[in-house]
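Peer 1: Take a look at the following structure, please.
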Amino acid sequence: MTTFPPELIQLLKKSTRVVALTGAGVSQESGLRTFRDAQAGLWAQYRPEDLATPGAFARDPKLVWDWYASRRESAKGALPNAGHYALVEMEKIFPEFTLITQNVDGLHRMAGSKNILELHGNILNVRCSECGTFAETWGDDLKSVPRCEKCNGLLRPDVVWFEESLPRAQLDAAINATHTCQVFFSIGTSGVVQPAAALAHAARTDGAVVIEINAEPTPLTEKVDFLFHGKSGEILPALVNAISA
Ligand code: OAD
């Protein structure tokens, strides 16, 4: 059972502008592997960093498509956990609450969060790699990557790959919320992928109270004001209870 310092609960009770940045750890208790977890089965021989790039897709589109297809199937079968639902409650508690996520699994939306900035896209969506048109359906041809109905370009997941830019409007909104927040939560993210990782540091520089919730130490750990080691699916509901009491 996590106990929270009374001064933190007092601070949260009077905070109005709060940001939460989430990463793959938040979905771990929904049964989804984190990005840097060892890969299972067929995919164990590949590093995610070597598959999630435009270069990998150009070299071997089928390999990259199949990897995302397997991750898409896992995401489709997953349900939000208590951590996702606690973040929905936080949106109701704080007058201005911005949820910034690096996750592509769509579980925050499924749980009911509304003000979400998806920095890395959504794995459930598929678009043309040439003309950008979104595909509603695509064939189940196991031999080749499905193609765009409009321009015949190869279809790809609507996620941001390494070396690609983040969606500008989402990133700008995330930066803006970070600069103006009083409290910044970093939850279930290893904090090693930019530019998302820089947000917590920017919040701190601007004087926000920074709180980390993570199963393990990260590069941010030594710099935070409050640290809770453990599972977000346990710590976040307990925190919401403590703020609401
Ligand atoms: P990572 O896989 O790098 O980190 C997951 C973090 O979650 C680790 O720090 C774990 O300690 C922590 N963790 C695991 N289980 C947890 C739990 N139950 N409760 C709390 N924390 C837990 O995932 P991200 O930080 O999300 O980007 O990775 C960031 C980005 O790197 C991904 O979005 C992906 C990748 O590049 C793209 O694909 C563009």
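The values are calculated or read from the model by the stated rules, or taken from the named source; none is laboratory data. What you see is a predicted model; the values in this text were computed from it and never measured. With ideal geometry, Cβ positions are generated from the backbone for all residues, glycine too; neighbour counts draw on all protein chains shown. Each accessible area value is taken on the protein alone, full model and side chains, heavy atoms only, with ligands, DNA and RNA left out. Shrake-Rupley method; radii C 1.70, N 1.55, O 1.52, S 1.80 Å.
Peer 1: Could you check which residue among SER232, SER27, SER144 shows the biggest mean-square fluctuation in a GNM of the chain with a 10 Å Cα cutoff?
Peer 2: Greatest mean-square fluctuation among the candidates belongs to SER144.
Peer 1: At R0 = 35 Å, how high is the FRET efficiency between GLU216 and LEU63 if r is their beta carbon distance? Nearest 0.05 is fine.
Peer 2: Working: r = 30 Å, r/R0 = 0.85.
In this case the efficiency is close to 0.70.
Peer 1: If N is the number of residues in the stretch 176-220, what value comes out of its Cα radius of gyration divided by 2.2 N^0.38 Å? Can you show the working numbers first?
Peer 2: Working: Rg = 9.9 Å, N = 45, 2.2 N^0.38 = 9.3 Å.
My calculation over the Cα atoms of the stretch 176-220 gives 1.06.
Peer 1: Assuming 0.692 mPa s and 37 °C, estimate D for the stretch 76-127 with Stokes-Einstein, Rh taken as the Kirkwood radius over Cα pairs, in µm²/s. Present the calculation step by step, with values, prior to reporting the outcome.
Peer 2: Values: Rh = 11.4 Å.
Stokes-Einstein gives a translational diffusion coefficient of 287 µm²/s.
Peer 1: Compute the separation of the alpha-carbon centres of the stretch 187-227 and the stretch 116-159 and state it in Å as a whole number.
Peer 2: Going from one Cα centre to the other spans 33 Å.
Peer 1: Can you give the % of DSSP beta bridges in the chain that are antiparallel, to the nearest 5? Don't jump to the answer; show the numbers that get you there.
Peer 2: Working: 8 of 31 bridges.
Given both bridge residues lie in the chain, the antiparallel proportion sits at roughly 25 percent.
Peer 1: Over the stretch 1-52, one equal point on each Cα, no solvent: what is log10 I(q)/I(0) by the Debye formula at q = 0.13, 0.16, 0.28 Å⁻¹?
Peer 2: -0.58, -0.70, -1.11
Peer 1: Shifting gears a bit: Give the accessible surface of the stretch 143-184 per residue, rounded to a whole number of Å², with probe radius 1.4 Å and ligands, DNA and RNA excluded.
Peer 2: Value returned for the stretch 143-184: 55 Å² of accessible area per residue.
Peer 1: With the Cα gyration tensor of the stretch 111-238 in hand, give its eigenvalues times 5 under a square root as the equivalent ellipsoid semi-axes, listed largest first in whole angstrom. Provide the component values of the computation, followed by the final result.
Peer 2: Values: eigenvalues 251, 56, 34 Å².
Listed largest to smallest, the semi-axes of the stretch 111-238 are 35, 17, 13 Å.
Peer 1: Moving to a separate point now. How far apart, in nm, are two points set 7 Å out from the Cα along the Cα-to-Cβ line at LYS143 and at THR205?
Peer 2: Going by the 7 Å Cα→Cβ label model, 5.4 nm.
Peer 1: With a 1.4 Å probe and all protein chains in place, put LYS14, LYS76 in order of accessible area, largest first.
Peer 2: On the way: LYS14 150, LYS76 120 Å².
Result of the area sort, largest leading: LYS14, LYS76.
Peer 1: How much length is gained on full extension from GLU136 to ILE9, taking 0.36 nm per residue of separation minus their Cα-Cα distance? Don't jump to the answer; show the numbers that get you there.
Peer 2: Working: separation 127, 0.36 × 127 = 45.72 nm, distance 4.53 nm.
Taking 0.36 nm per residue and subtracting the Cα distance, the gain is 41.2 nm.
Peer 1: So for ARG47, ARG72, what's the accessible-area order with a 1.4 Å probe, most first? Present the calculation step by step, with values, prior to reporting the outcome.
Peer 2: Details: ARG47 135, ARG72 10 Å².
Solvent-accessible surface, decreasing: ARG47, ARG72.
Peer 1: How long, wide and thick is the stretch 32-97, going by the Cα atoms along their three principal axes, in whole angstroms, largest first?
Peer 2: 48, 24, 19
Peer 1: A further question on this structure: Mind pulling the per residue volume of the convex hull built on the Cα atoms of the chain? Å³ is fine. Before the final figure, lay out the partial values.
Peer 2: Numbers: hull volume 30.9 nm³, N = 245.
Per-residue hull volume (Cα only) is 126 Å³.
Peer 1: Right, something else. Share of the chain's accessible area from carbon and sulfur, percent, 1.4 Å?
Peer 2: Numbers: 6160 of 12070 Å².
The computed percentage sits at 51.
Peer 1: Separate question: Output the relative contact order of the chain, whole-number percent, from Cα pairs under 8 angstrom with separation of 6+ residues.
Peer 2: Working: 418 pairs, mean separation 58.4, N = 245.
Value for the chain: 24 percent.
Peer 1: Be a star and scan the stretch 145-188 for residues whose amide nitrogen sits under 14 Å from the point 7 Å along the Cα-to-Cβ vector of ASN125.
Peer 2: Answer for the stretch 145-188: 156-161, 166-171.
Peer 1: Contour minus end-to-end for CYS151 and LYS223, with contour as 0.36 nm per residue of separation and end-to-end as the Cα-Cα distance? Working shown, then result.
Peer 2: Numbers: separation 72, 0.36 × 72 = 25.92 nm, distance 4.92 nm.
Taking CYS151 through LYS223 to full extension adds about 21.0 nm, to one decimal.
Peer 1: Follow-up. Starting from the residue with the highest accessible area, list ARG156, ARG109, ARG59, ARG127 in decreasing order, probe 1.4 Å.
Peer 2: Details: ARG156 15, ARG109 120, ARG59 180, ARG127 55 Å².
The ordering from most to least exposed comes out as ARG59, ARG109, ARG127, ARG156.
Peer 1: Continuing with the same structure: Placing unit charges on C-beta atoms (Lys and Arg positive, Asp and Glu negative, everything else neutral), compute the dipole magnitude of the chain about its Cα centre in debye, rounded to 20.
Peer 2: Working: 23 positive and 28 negative charges, 45 e Å.
Approximately 220 debye in magnitude.
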